[in-house]
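The values are calculated or read from the model by the stated rules, or taken from the named source; none is laboratory data. Since the model is a prediction, treat every value here as computed from it, not as a measurement. No Cβ is skipped: glycine too gets one built from the backbone with ideal geometry, and neighbour counts run over all protein chains shown. Please note that ligands, DNA and RNA were not included when accessible areas were found on the heavy atoms of the full protein model with its side chains. Shrake-Rupley method; radii C 1.70, N 1.55, O 1.52, S 1.80 Å.
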Amino acid sequence: MADRIAPRDDIAMMDGYHSPQVQVDVRLNTNESPLPPPQAFLDAVAAAVEGTDWHRYPDRQATELRGRLAAQHGVAPGQVFVANGSNEVLQTLSLAYGGPGRSIAVFEPTYAMHSQIARITGATVATGFRGEDLALDLDEVRRIIAEARPAITYLCSPNNPTGMVETAETVTEVLGLVEDVGGLLVVDEAYGQFAPWSALELLSEDRSLVVTRTYSKTWSMAAARLGYLLGPTWVVDELEKVVLPYHLDALKQAAGTAALDFVDDMERRVSILTEERGRVDAALRDLPLEVWPSAANFILFRPTDADADDVWQALVDRSVLVRNCSSWPGLTGCLRVTIGTADEDDRFLTALREVLS
Ligand SMILES: *Cc1c(COP(=O)(O)O)cnc(C)c1O
């Protein structure tokens, strides 16, 4: 046989996205909601299945869903772009504005998919680093933007995996720096409903700012793969050119629309999880750990007297799965736990106390 085809050199050298799905009783590793959406939502989705014209392509414009999201956020439907998870939103942004010969700036540690997707689309990743305390360092942001003149700059607020929120002043300042080099600022707000403010406040037709959101976390719909972006119409128009035709299936559009009838339920789940986070945070602070204050549905922590890989494995042995971040840039020795139900969190805390004692 002749030589087997090789992928692109840069793809061959790349590792895939790695998040082990281990069979355990308590899964606190992917920041999903531990609480399902309400029964009335499931009934609405079942009715939508019945009403689907299966022999027809879906509405390419996702008119109803975009209209409802626009109304929800007080923007025009033309300022909303919807895709299969916010990851597809990020990929579409990267295809439209990144790609070969362009660079994309990220500030580690942050959400791994920002740089992963950038590389897959052939862009150069300009990597900046947060400070010792894992807070964004504006001098570093200035340095990276001046050096790389990135087409896209990513912020993530609350940041995954640190849980930290960027202030309005910080985002405004970074936006100014990004615009000075003719770039686009993307603020990933996957956990936006947990935060005290949103960069949506800064959106405007004449600013180079977009904000991404997802149904995967606060909406308890990780299974649906649905996310969206809010931004200027001139960005949305370019994304529509790049994305595959009919990329968003009819059922997903209906599920996303139906969910918006249950905003109160979503907000109730957010407040339950916020309270539960306070309880877990307080318990963690009684243990030999460094704990980062979080404004999301997860907490980053570092065992001070034990090896993180050992702690992770010992938790798995007790059927509790958390995220092992200890090999991520800037996160040596760190683990991240998603806030679950009170029962799940108790099982996690009991196991962790046992492991650390
Ligand atoms: C979980 C998460 C997402 C979600 O991606 P989806 O494709 O919408 O599931 C996006 N950004 C960040 C920072 C996340 O943590």
**Request:** Inspect the range 191-204 for any residue being closer than 18 Å to Gly98 by Cα, away from the ligand (no atom under 12 Å from the Cβ) and buried (at least 24 other Cβ atoms within 10 Å of the Cβ) and give the result as yes or no.
**Result:** no
**Request:** Tell me, yes or no, whether the range 298-317 has at least one residue that is among the basic types (Lys, Arg) and farther than 21 Å from Ala135 by Cα.
**Result:** no
**Prompt:** Which residues, counting only those in the range 13-40, are away from the ligand (no atom under 16 Å from the Cβ) and either of a type in the set (Ser, Thr, Tyr) or not in a loop (DSSP other than H, G, I, E, B) (or both)?
**Reply:** Val26, Gln39, Ala40
**Asked** Considering only residues of the range 213-224 that are more than 7 Å from the ligand (Cβ to nearest atom) and not aromatic (Phe, Trp, Tyr), which is nearest to the chain's Cα centre (by Cα)?
**Response** Arg213
**Request:** Give the residue that is nearest to the chain's Cα centre (by Cα), with candidates limited to residues of the range 187-210 that are aliphatic (A, V, I, L, M) and within 23 Å of Arg277 (Cβ to Cβ).
**Result:** Ala190
**Prompt:** Within the range 105-161, restricting attention to residues that are more than 14 Å from the chain's Cα centre (by Cα) and polar (S, T, N, Q), which residue is surrounded by the most Cβ atoms within 10 Å (Cβ to Cβ)?
**Reply:** Thr153
**Message:** Can you tell me how many residues within the range 85-94 are within 13 Å of the ligand (Cβ to nearest atom) and open to solvent by less than 10 Å² (accessible area, probe 1.4 Å)?
**Reply:** 5
**Prompt:** Just to be sure, is Thr63 of a type in the set (S, T, N, Q), touching a residue at least 40 places away in the same chain (Cβ under 8 Å) and more than 16 Å from the ligand (Cβ to nearest atom)?
**Reply:** no
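Given the criteria more than 16 Å from the ligand (Cβ to nearest atom), out of contact with any Ser or Thr (no Cβ under 6 Å at 6 or more places or on another chain) and not small (Gly, Ala, Ser), does Tyr97 qualify?
yes
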**Asked** Would you say Val171 is β-branched (Val, Ile, Thr), under 30 Å from Glu132 (Cα atoms), outside any helix (DSSP H, G or I) and within 16 Å of the ligand (Cβ to nearest atom)?
**Response** no
**Prompt:** Looking at Leu177, is it under 24 Å from Ser204 (Cβ atoms), within 12 Å of the ligand (Cβ to nearest atom), in contact (Cβ under 8 Å) with a residue 12 or more places away in the chain and among the aliphatic types (A, V, I, L, M)?
**Reply:** no
**Filter result (of a type in the set (A, V, I, L, M) and over 23 Å from Glu201 (Cα atoms)) within the range 231-258** = Val242, Val243, Leu244, Leu248, Ala250, Leu251, Ala254, Ala255, Ala258
**Item:** Every residue from the range 22-49 that is surrounded by fewer than 17 Cβ atoms within 10 Å (Cβ to Cβ) and among the acidic types (Asp, Glu)
**Value:** Asp25, Asp43
**Item:** Complete set of residues in the range 309-350 that are part of a helix (DSSP H, G or I) and open to solvent by less than 40 Å² (accessible area, probe 1.4 Å)
**Value:** Val311, Ala314, Leu315, Val316, Asp345, Phe348, Leu349
**Message:** Filter the range 185-204 down to the residues that are closer than 21 Å to Ser271 by Cα, assigned to a helix (DSSP H, G or I) and without any contact (Cβ under 8 Å) to a residue 40 or more places away in the chain and list them by number.
**Reply:** Gly192
**Asked** Checking Ala71 against (1) aliphatic (A, V, I, L, M); (2) farther than 18 Å from His247 by Cβ; (3) open to solvent by less than 70 Å² (accessible area, probe 1.4 Å); (4) in a helix (DSSP H, G or I), which test does it fail?
**Response** (3)
**Request:** Return a yes/no flag: does the range 167-186 have any residue that is closer than 19 Å to Leu90 by Cβ, under 14 Å from the mean Cα position of the chain (by Cα) and surrounded by 20 or more Cβ atoms within 10 Å (Cβ to Cβ).
**Result:** yes
